[in-house]
Amino acid sequence: MAVITTSSASAAVYLERRLANLRLGLTLELFTATGALIGGLVAFLLSDRVLAGLFAAMLGYTAWSMVRRAGARQPAAAAAAPGTGTAVVPGTGTAPASAIHGYLASLGGADYAVRRLPAGIGLAFVAGVLSALLGVGGGVVKVPAMNLVMGVPLRVATATSNLMIGVTASASAILYLLRGQVDPYVAGPVVVGVFAGAVVTSRVAHRVPAGVVRTLFVVVLCYTAVEMGARALALPVGGQGA
Amino acid sequence: MPESGSATPRLVARLLAVGTAASVALVAAGTVAMLLAGHVPVTEPGPAFRPSRLAADVLAGRAAGFLWVGLGIAVALPSARVAVACIGYLREGDRRQAAVALGVFAVLAVSTAVALVTR
């Protein structure tokens, strides 16, 4: 309930300000939801500890990549024609012609273009599988995937990921509701509290420097990596991942 | 049409803003009613979800009615915004993006059905 309310309240602001990318979010959501469905069905086939170890290593590498990227120039693989969101082929100024490139161009924002869609889709699928298998939020995979692989600005990536989590969380919430596992006396005060936090945070988020957002995200990645590493080694660490 | 030229994100934003405000207003009213009635969260289990009693509970001003209706709206909002996105893109003539939204809806429906069958 808290995740859904946070997602809905902040996504309303992010979409109004064109910070969250609805088209990209829906596209990746399709594969994340499919990954979560398949992950839930094959969970019994895989070792939880091996997966946690692999995930910890992947998160560590991602955190390192984000720290390195902070000091490097953004790649110029696909630029956007300002105000159009249309991808152009670098060095030519012309729009690419194939169907996949046409779809890719439609996913871009006003001042950025989306690239490497197949890789992004693959990672969104992995995020869904890992969410179902390890009980971690897919944001730790989806945000770096959108930012590092697909060339989406970090603020847009976090806002779009925030938009996406509401849908997957609602699927679980419907089940808990039907199974009688939601206590309204606990959920009520929690929903009111997270709503207040989400409304305030989403309205001031654009004033937080991008470097601070990146640093906070790296901290979350490192924390989750340590938690997953501890799970892989069967060490006692409390709580679930981000 | 690129994302920046589409009116659908604004339509979805309005749905989420109005829906979340309605949901939180009802939940807040239910929380106040719960506290005024002397109920203590965590130590005392809340009332079960009974759809047939929702209207009567709300009309009687009971906490359970406001809380469950508010929480129900919150749970339904993400699926509703996928549906609104689908309709919005269809109206703009973007059948490809509408199909993607419909696909998300279908996967969610299958996930819920599978979970209910295998619980």
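Values in this text are rule-based calculations from the coordinates and carry no lab data. What you see is a predicted model, and the numbers here were worked out from it, not measured in a lab. Cβ placement follows ideal geometry from the backbone for every residue including glycine, while neighbour counts extend to all protein chains displayed.
Any idea what the relative contact order of chain B is, in percent, if you count C-alpha pairs under 8 Å spaced at least 6 apart? Show your work: numbers first, answer last.
Numbers: 101 pairs, mean separation 35.5, N = 119.
Relative contact order comes out at 30 percent.
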- Query: Over what distance in Å are the Cα centres of the range A:182-209 and the range B:50-80 separated?
  - Reply: 20 Å
- Gain upon complete extension [A:VAL190, A:VAL67; 0.36 nm per residue less C-alpha separation]: 40.9 nm
- Query: What is the spin-label model distance, in nm, from B:ARG53 to A:ALA119 if the labels are put 7 Å beyond Cα along the C-beta direction?
  - Reply: 5.6 nm
- Query: Based on the mean of other beta carbon atoms within 10 Å per residue, what is the order of A:122-131, A:61-70, most packed first?
  - Reply: A:122-131, A:61-70
- Task: Compute the length gained on full extension between B:ARG96 and B:THR43: take 0.36 nm times their separation in residues and subtract their Cα-Cα distance, giving the result in nm to one decimal.
- Result: 14.0 nm
- Note on the structure: What helix-only [θ] at 222 nm does the protein assembly as shown give? Using -39500 (n - 2.57) per DSSP H run of at least 4, over all residues, to the nearest 500, the answer is -23500 deg cm²/dmol
- Message: Using the Karplus curve 6.51 cos²θ - 1.76 cosθ + 1.60 with θ = phi - 60°, what ³J(HN,Hα) values do you get for each residue of the range A:152-166, in whole Hz, with x for Gly and Pro?
- Response: 7, x, 4, 4, 5, 4, 5, 5, 5, 4, 4, 5, 5, 5, x
- Query: Quick one: Cα centre-to-centre distance for the range A:127-145 and the range A:27-53, in angstrom?
  - Reply: 9 Å
- Item | Cα→Cβ-extended label distance, 7 Å offset, between A:VAL149 and A:HIS206, nm | 2.9 nm
- Residue separation between B:VAL114 and B:ALA25 times 0.36 nm, minus their alpha-carbon distance, gives in nm 28.7 nm
